[in-house]
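Okay, structure first, notes after.
Read-outs throughout are calculated quantities, based only on the coordinates presented, and are distinct from any laboratory measurement. No experiment lies behind these values; they were computed from the predicted model shown. We place every Cβ from the backbone using ideal geometry, glycine too, and count neighbours over all the protein chains shown.
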Amino acid sequence: MKSFSIAALTAALLAQKAAAHATFQDLWIDGVDYGAQCARLPLSNSPVTNVASNDVRCNAGTSPVVSKCPVKAGSTVTVEMHQQPGDRSCSNEAIGGSHYGPLMVYMSKVSDASTADGSSGWFKVFQDSWAKNPSGASGDDDYWGTRT
């Protein structure tokens with residue numbers, strides 16, 4: 001079984017968060033809600049302003065997690081996103097307004113999640129970017145990764 005740190009996943013989502021102001025709230029693996037057991041969750045929905053800093057890979061003010069999530073080859077990993085930290089209500093819009101943009105998810109394999117800093121190699125596990133809507137009259141009708 002391979003286990004992966006979700007620090008890199010969180011960092012990848014931070015770039016999306018900066019554009020959409022939604023935050024990574026909980027992690028699901030094969031239908032099991034792992035919450036924040038093995039992921040550094042953002043403390044706010046404020047964007048990371050210095051993309052050259054370590055905050056882009058581990059977020060601002062977070063602490064290392066104490067455990068790793070059991071992600072086996074072929075597992076389904078689901079990220080739950082909402083507008084504000086701690087808000088898991090599905091009645092609130094997860095990505096507000098017309099904040100459309102691409103979505104890319106990266107992960108990083110680590111040996112110790114309690115000391116990992118996100119500097120090890122990352123690999124992409126998901127991408128949903130842009131596609132033109134063939135029947136749309138304007139760019140607002142196009143398909144973006146963050147548009148439902």
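Fewest Cβ neighbours within 10 Å first, please rank 100, 106, 143 accordingly.
Numbers: 100 17, 106 21, 143 13.
Listed from fewest to most nearby Cβ atoms, that is 143, 100, 106.
Name the long-range amide H neighbours of residue 34: under 5 Å, sequence gap of 5 or more, or other chain; modelled H, no Pro or chain starts.
Correct list: 27, 28, 29.
Give me the aspartates and glutamates in straight-line cross-link reach of residue 72: C-alpha distance below 20 Å, same-chain residues under 8 apart excluded.
Within reach: 26, 30, 33, 80, 112.
Sorting 76, 62, 146, 23 on the 10 Å Cβ count, fewest up front, what's the list?
76, 62, 146, 23
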